[in-house]
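J.: Dropping the structure in here first, questions after.
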Amino acid sequence: MAELGDSHVVEIPAEDGNLQLKLVETNDLSIIQHHPLMEISQSPGHLLLLKLWQREENKFNGSIARKETQMDILKREVFQLCCFFLAFHGFLLTFLFNASSHLQEHARRQWWIPFSTSLTTSLVIIFFVQLKLCRYHMIVKKLQRDRSDNRALVRCIQELRMKGASFDLSKEPQTAKRMKSSSVEIKWKPLQWCSKNVVTICLVCLTAIVVPAGKFILCA
C-alpha cells in the first residue's frame, strides 16, 4: 500500500497478473462533493439561479458594448460637424475678404445675404451638435446604470459560487445607492451643465465672432 498525500491507493493484483484494481479512499471524494460548485450542480434551485444570472450578465455585457459603440459614433459625428463649421466659415470669410476689394457700393449694401447665410448655417450646425450631445449624455447615464447593475450582479454570482447550497435564493442584486446632498447638487449644477455642453458654448461664441466679421469685411 502506497501513501499519496491525504489519499491512499491499494493495489490488488488480479489472478492473471495483467490487471490491477485501484481502490481510492473517499477522502478526496468527500472534498469534491462538498465543493460549492458541486453543491450548486446538485441543487436545482441554485443551478437555475446561477444560469439566469449568468444569462443576465451576458445581456449586460452586450448592452454595455453597444452603448460604448454608440458613444464613439456620436463623438465622431460631433467632431465632423465642428470641422464642417470651421471649414465653412473659413471659406466664407476668405471669399468675402478677397471679393471685398472688387465690390461696388451697391453690392456692399447686400451684406445681409452672407450675414444671414452664415448665421443660419451656424445655428443649424449648433442645433445638430447639441442634439447629439444630449443623446450622448443620455447614453452615458444609461451606461453608468448598466455598469452599476452589472457589478452588483457579478458580486452576487461570486457569492453564490463561494457559498454553494447555503446561498439564500431570495437574495437579489442591489445597486449601490449614491448619497448626494441636494445643496451641493444645486450649487454645482450650472458648472456641470457647462462642462457637458462646452462644445456648444464654443460654437456659439465662434458664431458671435465670425458672423459679424463678414459684415465688417464688406462694409469696412
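J.: Would you mind stating whether Val184 is modelled with pLDDT of 85 or more and closer than 26 Å to Arg147 by Cα?
T.: The answer is no for Val184.
J.: Could you please let me know if Cys82 is closer than 30 Å to Asp168 by Cβ, in a helix (DSSP H, G or I) and over 20 Å from the mean Cα position of the chain (by Cα)?
T.: Here the answer is no, as Cys82 does not meet what is asked.
J.: Could we say that Leu203 is surrounded by 11 or more Cβ atoms within 10 Å (Cβ to Cβ) and at pLDDT 90 or above here?
T.: Judged against the criteria, Leu203 is a match.
J.: How do the pairs read when you match residues in segment 141-156 that are part of a helix (DSSP H, G or I) with residues anywhere that are of a type in the set (Ser, Thr, Tyr), using Cβ under 7 Å and keeping only pairs 6 or more apart or on different chains?
T.: Hits for this filter: Asp146/Ser63; Ser148/Thr175; Asp149/Thr175; Ala152/Thr175.
J.: Output yes when any residue across segment 101-111 is without any contact (Cβ under 8 Å) to a residue 12 or more places away in the chain, among the aromatic types (Phe, Trp, Tyr) and under 30 Å from Leu203 (Cβ atoms), and no when none is.
T.: no
The values are calculated or read from the model by the stated rules, or taken from the named source; none is laboratory data. What you see is a predicted model; the values in this text were computed from it and never measured. Every residue, glycine as well, gets a Cβ built from its backbone with ideal geometry; the counts of neighbours run over all protein chains shown.
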